[in-house]
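> Below is one structure. I have some questions about it.
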Amino acid sequence: MCIEYKKIFIMLFLTINMTEEIGFQDWEKLDLRVGEIIKVEDIENADKLYKLEIDVGELGTRVIVAGIKKFYEKEEIEGKRCIILANLEPRKMKGVESEGMILAAVNDSEDKIVLIQPEKDIELGSKIR
């Protein structure tokens, strides 16, 4: 599950071969939005996962499970803006239904993860194009 989760995290749930090109139509399917992390909670029996409540403006609040616990303290990410993938089918992880995915950059050795954030202030729910 852990290796599969990392693969999904990195590939944004797109099941493509890394050497295969994706078309513009594939990119257009992604609904990427600006959100703000408003609450961070531990998940019982999950040493890598946080349960995040994210305000996505007109889309409301989403619960997203993210494997960033060893890289960020709760206080460090609460109130941060982030980019989420908003149109994923919900998926249950450790008993919590996740309604999307936050975007992060991961180095090759996977020992560093950095949340992707908007450069400047913009309305919550704004689309990434």
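The rows are residues; the columns are (1) in contact (Cβ under 8 Å) with a residue 40 or more places away in the chain; (2) exposed (fewer than 15 other Cβ atoms within 10 Å of the Cβ).
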{"site": "K51", "(1), (2)": "yes, no"}
{"site": "I64", "(1), (2)": "no, no"}
{"site": "G67", "(1), (2)": "yes, no"}
{"site": "E75", "(1), (2)": "no, yes"}
{"site": "M93", "(1), (2)": "yes, no"}
{"site": "E99", "(1), (2)": "no, no"}
{"site": "L103", "(1), (2)": "yes, no"}
{"site": "D108", "(1), (2)": "no, yes"}
{"site": "S126", "(1), (2)": "yes, no"}
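> Out of curiosity, is K120 touching a strand residue (DSSP E or B) at 6+ places or on another chain (Cβ under 9 Å), exposed (fewer than 10 other Cβ atoms within 10 Å of the Cβ) and free of Cβ contacts under 8 Å to residues at least 12 places away in the same chain?
Spelling it out, it is not the case that K120 is touching a strand residue (DSSP E or B) at 6+ places or on another chain (Cβ under 9 Å), exposed (fewer than 10 other Cβ atoms within 10 Å of the Cβ) and free of Cβ contacts under 8 Å to residues at least 12 places away in the same chain.
> Condition first: within 13 Å of the chain's Cα centre (by Cα) and polar (S, T, N, Q). Can you find one or more residues in region 76-87 that meet it?
There is at least one residue in region 76-87 that is within 13 Å of the chain's Cα centre (by Cα) and polar (S, T, N, Q).
> Looking only at region 25-36, count how many residues are within 20 Å of I83 (Cα to Cα) and assigned to a helix (DSSP H, G or I).
Looking only at that region, the number is 3.
No lab work stands behind these numbers, since they all come straight from the coordinates. Everything quoted here is computed from the prediction, not taken from an experiment. Note: ideal-geometry Cβ built from the backbone for every residue, glycine included; neighbour counts use all protein chains shown.
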